[in-house]
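Heads up: the structure comes next, in structure tokens.
The values are calculated or read from the model by the stated rules, or taken from the named source; none is laboratory data. None of the values given here were measured: they were computed from a predicted structure. All Cβ positions, glycine included, derive from the backbone under ideal geometry; neighbour counts span all protein chains shown.
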Ligand SMILES: O=C(O)CCC(=O)C(=O)O
């Protein structure tokens, strides 16, 4: 029975690249159900003007283009996306990567990049969004104390704005960002980013120091992803937006009946893609 990678395999890959891609962690039927949930949510967002909008305790951010930039703490707005954002498999990955069994879930965020919506995520490290290096964050394990997961609901292809990583960039530690929490382009000098080309159900996981970003969707199919973020207890001291955000998850109390993985591999694709400078805010 295919299963999650061992702790050693996962940690070796994370330490080498700063991110890991896990293939087919979610079953096609599960991903199809998520697509339906996102369609339901998108119908509620249609026609909203640019800016932030409360959605049953979630925060929908509409970009100047009219596209949905992100839905922050989407767990409050949809029960299916809520369940998936704290799925046992994702929390188990946090346990393998970070150690421990209990985590504070800071992020449950939908990025429904649609063709032509001009939504992009400039180069950044998630550490800046966690407020690493400020009073709002205590690096309890000395390695960032945080894991982010990104589940592909649609295929992430070269033309629809896949998330791109700079392998090994986590080794540079926390870098200075602009006031908009983006990296200056000089920080990318000599970098060789790789796109995370994902099939529906694949998951990318990454630590808080790896440099990543993505360009707009220039394809003709949506690129919807669900992002979750897990912190070691004691790391975060900030209230995150969204009703119920920051909840404590205990791996031993999550639904043990969650389906097993279809298959798992830990492979980083290698190709070079350079997202442009961008304006959208990252999680
Ligand atoms: O959805 C994307 O392309 C950006 C994701 C991202 O930057 C993040 O999860 O930190």
Fill in the blank from the handout: By residue number, the members of region 10-31 that are surrounded by 17 or more Cβ atoms within 10 Å (Cβ to Cβ) and closer than 22 Å to residue 155 by Cβ are 17, 19, 20, 21, 22, 23, 24, 25, 26, 30, 31
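Suppose we keep only residues that are touching a strand residue (DSSP E or B) at 6+ places or on another chain (Cβ under 7 Å) and in a loop (DSSP other than H, G, I, E, B) within region 215-234. Which one would you say is nearest to residue 74 (Cα to Cα)? Before you say what the answer is, go through the steps one by one.
Here is the first cut: in region 215-234, the ones touching a strand residue (DSSP E or B) at 6+ places or on another chain (Cβ under 7 Å) are 217, 222-233.
Narrowing the set further to residues that are in a loop (DSSP other than H, G, I, E, B) leaves 217, 222, 232-233.
Values: 217: 21, 222: 18, 232: 21, 233: 22 Å.
Going through the qualifying residues, I end up with 222.
Taking region 98-119 only, how many residues are surrounded by 24 or more Cβ atoms within 10 Å (Cβ to Cβ) and within 15 Å of the ligand (Cβ to nearest atom)? Full working, then the answer.
So the first thing to find is which residues in region 98-119 are surrounded by 24 or more Cβ atoms within 10 Å (Cβ to Cβ), and the list is 103, 106-113, 119.
With the extra rule that they be within 15 Å of the ligand (Cβ to nearest atom), the set shrinks to 106-113, 119.
Residues that pass the stated criteria total 9.
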Handout entry: Tally, over region 120-138, of residues that are within 12 Å of the ligand (Cβ to nearest atom) and touching a helix residue (DSSP H, G or I) at 6+ places or on another chain (Cβ under 7 Å)
Key = 1
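Taking region 68-94, which residues are buried (at least 20 other Cβ atoms within 10 Å of the Cβ) and either in a helix (DSSP H, G or I) or at pLDDT below 95 (or both)? Show your work before the answer.
Residues of region 68-94 buried (at least 20 other Cβ atoms within 10 Å of the Cβ): 68-78, 81, 84-85, 87, 89-91, 93-94.
Those that are buried (at least 20 other Cβ atoms within 10 Å of the Cβ) and either in a helix (DSSP H, G or I) or at pLDDT below 95 (or both): 74, 75, 76, 81, 84, 85, 87, 89, 90, 91, 93, 94.
If you scan region 115-148, which residues turn out to be free of Cβ contacts under 8 Å to residues at least 60 places away in the same chain and part of a loop (DSSP other than H, G, I, E, B)?
Narrowing region 115-148 to residues free of Cβ contacts under 8 Å to residues at least 60 places away in the same chain: 128, 133-134, 142.
Those that are free of Cβ contacts under 8 Å to residues at least 60 places away in the same chain and part of a loop (DSSP other than H, G, I, E, B): 133, 134, 142.
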Problem - Residue satisfying all of: in region 196-214; within 10 Å of the ligand (Cβ to nearest atom) and in a strand (DSSP E or B); farthest from residue 96 (Cα to Cα) among these - result: 214
Exercise for the section: Inspect all residues belonging to region 26-42 and state whether any of them is assigned to a loop (DSSP other than H, G, I, E, B), under 15 Å from residue 204 (Cα atoms) and within 18 Å of the chain's Cα centre (by Cα). Expected result: yes
Handout entry: Members of region 165-190 found to be within 21 Å of the chain's Cα centre (by Cα), surrounded by fewer than 18 Cβ atoms within 10 Å (Cβ to Cβ) and in a helix (DSSP H, G or I), listed by number
Key = 171, 172
Handout entry: Filtered residues of region 37-57 (kept if in contact (Cβ under 8 Å) with a residue 40 or more places away in the chain and more than 18 Å from residue 150 (Cβ to Cβ))
Key = 42, 56, 57
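Table: residues versus (1) under 22 Å from residue 236 (Cβ atoms); (2) away from the ligand (no atom under 13 Å from the Cβ).
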| position | (1), (2) |
| --- | --- |
| 146 | yes, no |
| 160 | no, no |
| 165 | no, no |
| 174 | yes, yes |
Completion exercise
residue 231: passes all of (1) surrounded by 22 or more Cβ atoms within 10 Å (Cβ to Cβ); (2) modelled with pLDDT of 95 or more; (3) within 13 Å of the ligand (Cβ to nearest atom) but (3)
